[in-house]
Amino acid sequence: MEIYLIILLLGYLLVTLFGYWLKSLNLRHLRKYGDVVPEEFRDYIDAGLLKKTRDYTLEHSRFSFIESIFGNILVLVFFFGGLLNIYNSWIVSFNMPFVLSGVVFFLALSYANTIISIPFDLYSTFRIENKYGFNTMTWKLWISDFIKSIILSTILIGITTSGALYLMKASPDLWWLFVWLFFLLFSIFMMYISPYVIEPLFNKFTPIENEEMESSIKDLMKKIGIRINRVFKIDASRRSTHTNAYFTGIGKVKRIVLYDTLLQKMEKSEILSVLTHEAGHWKKKHVLKMIIVVEAMSLIGIYISFMMIKSGILTRIFNIQDDTVFASLLILGFAGGIVSFPFTPIFSYFSRRHEREADRFAAEMTENIEAMATSLIKLSKDNLSNLHPHPLYASFYYSHPPVVQRIREIRGQQ
């Protein structure tokens with residue numbers, strides 16, 4: 001069994017170091033070309049703002065390096081230093097019922113992870129985001145969000161963990177199928193209730209006051225073939241000056257949501273282009289396609305998990321004294337991260353392809369290519385997005401085409 005432990009350790013180190021190499025490659029590329037203003041941005045960004053953009057990306061990246069190294073050290077100590085065995089035996093010592101033990105096992109880990117992440121979140125929010133003029137969050141609001149997140153995660157982890165473990169206990173031979181169905185139905189249920197129950201916990205949703213804008217949005221969505229009852233804005237400016245817009249919900253509960261910061265900074269034609277791009281994802285069934293792929297892979301993954309848990313090999317590899325399902329599931333999550341890493345660029349590629357399709361769709365439906373291009377320029381400018389990512393880094397991690405390339409492709413449709 002020791003050879004398997006060594007393979008997992010080497011696999012984790014290889015994945016981690018490769019990720020660090022890609023990030024360092026990206027940062028070196030930014031330092032080299034970060035003072036060059038792309039032609040598409042010459043009327044929008046001067047040398048001072050470009051330097052601010054470069055510095056923002058560099059500072060965030062350096063900070064994420066530190067956070068990542070700290071997190072990876074904890075992971076190595078936990079899985080390979082014997083802490084998992086100690087923690088697992090400690091939970092077993094309480095002699096709780098099977099389902100309750102599992103809920104406590106995963107909730108305690110979730111709380112520990114949340115507590116450990118607090119200093120990093122505070123530094124990112126109140127130091128880096130403050131420094132570059134993004135943060136508008138108060139300490140009172142941060143604490144309120146933190147408490148709500150803890151309560152919400154407790155409820156969700158409690159429901160999903162207890163449901164899955166109950167099915168595992170009730171059907172020892174077919175739980176892999178029932179658990180997969182449970183998570184699928186639960187995720188669909190969450191898509192329905194999220195716009196009404198979860199999202200309003202953190203933001204205030206109000207109809208946009210501009211009736212002409214709302215009418216134009218509804219007419220455009222009707223032209224596309226998507227029925228929207230209301231168009232909302234959220235008070236994103238309470239937390240940040242970042243801009244965005246998105247669709248939320250599914251079926252009859254679909255909503256268009258605009259950041260109030262977006263409404264302040266973009267022209268009507270640009271806002272319509274952004275929303276039509278998002279509508280393009282629905283019209284082209286990108287969301288459905290990704291759900292099908294993810295669920296198919298999840299079914300395969302759960303069945304493999306079932307076979308490995310049944311064999312008991314996972315706890316033997318890590319020398320776990322008390323062979324519990326909880327420890328095996330945690331090890332599977334750890335190993336799954338290693339195995340799934342090579343699929344990252346594949347998913348990124350298809351995501352970028354979907355984004356290009358949505359861009360073309362928006363250009364065709366609005367018949368305003370320039371508005372689509374300028375909306376991306378303003379989004380990048382307002383969010384200090386990296387204009388010079390390394391091609392290899394972008395191809396591996398980017399879910400959207402690099403913005404300069406994306407703008408050129410859009411304008412190339414003229």
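Any read-out appearing in this document is the output of simple, stated calculations on the displayed coordinates, not a laboratory observation. In this text, all values refer to a predicted model and were calculated from it rather than measured experimentally. Because the Cβ atoms are built from the backbone with ideal geometry, glycine has one as well, and the counts that use them run over all protein chains shown.
Shape analysis of segment 74-154 based on the Cα gyration tensor places the equivalent ellipsoid semi-axes at 33, 17, 7 Å, largest first. Quick note on segment 190-280: its Rg to Rh ratio, both from C-alpha atoms and Rh being the Kirkwood radius, is 0.94. With Cα atoms as the point set, segment 195-234 shows a radius of gyration and Dmax of 11.7, 33 Å. For the chain, the relative contact order comes to 22 percent (Cα pairs under 8 Å, sequence separation of at least 6).
Computed from label points 7 Å out along Cα-Cβ, the spacing between ILE6 and ASN210 is 6.5 nm. Measuring spread by the Cα atoms of the chain yields a radius of gyration and Dmax of 23.6, 69 Å. In a simple Cβ point-charge model (Lys, Arg +1; Asp, Glu -1; nothing else charged), the chain has a dipole of about 280 debye relative to its Cα centre.
Potential lengthening of the chain between ARG62 and LEU181 amounts to 38.8 nm, from the contour at 0.36 nm per residue minus the alpha-carbon distance.
Among ALA112, ALA362, ALA335, the largest mean-square fluctuation in a Gaussian network model of the chain (Cα springs under 10 Å) belongs to ALA112. Give the separation of the Cα centroids, segment 12-48 to segment 252-330, in Å. Going from one Cα centre to the other spans 27 Å. Placing dummy labels 7 Å off each Cα toward the beta-carbon, the span from LYS131 to MET307 is 4.9 nm. Compared with the direct C-alpha span, the chain from ASP46 to GLU267 gains 77.4 nm at full extension, assuming 0.36 nm per residue.
Angle between the Cα long axis of helix 286-311 and the longest principal axis of the chain, 0 to 90 degrees, nearest 10? Its long axis makes an angle of about 10 degrees.
For ILE69, put the label point 7 Å out on the Cα→Cβ axis and report which residues of segment 117-137 keep their amide N under 16 Å from it. Answer for this model: 120.
In segment 305-390, inverting the average of 1/r over every pair of distinct C-alpha atoms gives 17.2 Å as the Kirkwood radius. Calculated mean residue ellipticity, 222 nm, the chain: -23500 deg cm²/dmol, from DSSP H runs (n ≥ 4) at -39500 (n - 2.57) each, averaged per residue and rounded to 500.
Selection among LEU258, ALA245, TYR196 by position relative to the dipole of segment 133-282 gives TYR196 as farthest towards the positive end (Cβ unit charges, Cα centre). Summarising the label geometry, the points placed 7 Å from Cα in the beta-carbon direction at SER117 and VAL104 lie 2.5 nm from one another.
Restricting the calculation to Cα atoms, segment 1-111 shows an Rg/Rh of 1.22 when the hydrodynamic-style radius is the Kirkwood one. With the convex hull constructed from alpha-carbon coordinates only, segment 50-107 shows a mean projected area of 5.5 nm² over all directions. Axis of helix 344-366 versus longest Cα principal axis of the chain: the two differ by about 30°, to the nearest ten degrees.
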